[in-house]
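What follows is a short report on a single structure.
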Amino acid sequence: MIDNRDELGSLIRAYESEAQTHIADARRADTEFQRLFHERRAAEALQKAQKYRQELQHPFHDG
């Protein structure tokens with residue numbers, strides 16, 4: 001269970017970091033297309049982070 005919690009924590013941090021990178025890139029975007037691309041990717045990364053955060057808080061139990 002500890003390894004799984006550590007792995008989930010790492011995934012959460014990675015997706016949050018990815019989202020922050022995309023947010024920064026969206027702010028620096030030269031075109032509307034680039035801004036929307038990075039905003040969409042940031043939202044996707046935050047959704048994945050939230051999914052893993054929920055899994056961490058409410059782990060699935062076999063049995």
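The table for this structure:
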quantity	calculated
Segment 1-56: trypsin sites (Lys or Arg not before Pro) in DSSP loop, at most 13 other beta carbons within 10 Å	ARG28
Spread of Cα-to-Cα distances over 5 Å intervals beginning at zero, given as percent, for the chain	4, 20, 22, 17, 12, 9, 8, 4, 2, 1, 0
Relative contact order, percent, the chain [alpha-carbon distance under 8 Å, six or more residues apart]	42 percent
The chain: angle of helix 2-27 to the longest principal axis, Cα-based, in degrees nearest 10	10 degrees
Computed FRET value (nearest 0.05) for GLU39 with GLU7, which takes r as the C-beta separation and R₀ as 30 Å	0.60
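No value in this document is a laboratory result; all are computed from the given coordinates. This structure is a prediction, so every number in the text was calculated from the model and none was measured. FYI the Cβ positions are ideal-geometry reconstructions off the backbone, even for glycines, and counts take in every protein chain you see.
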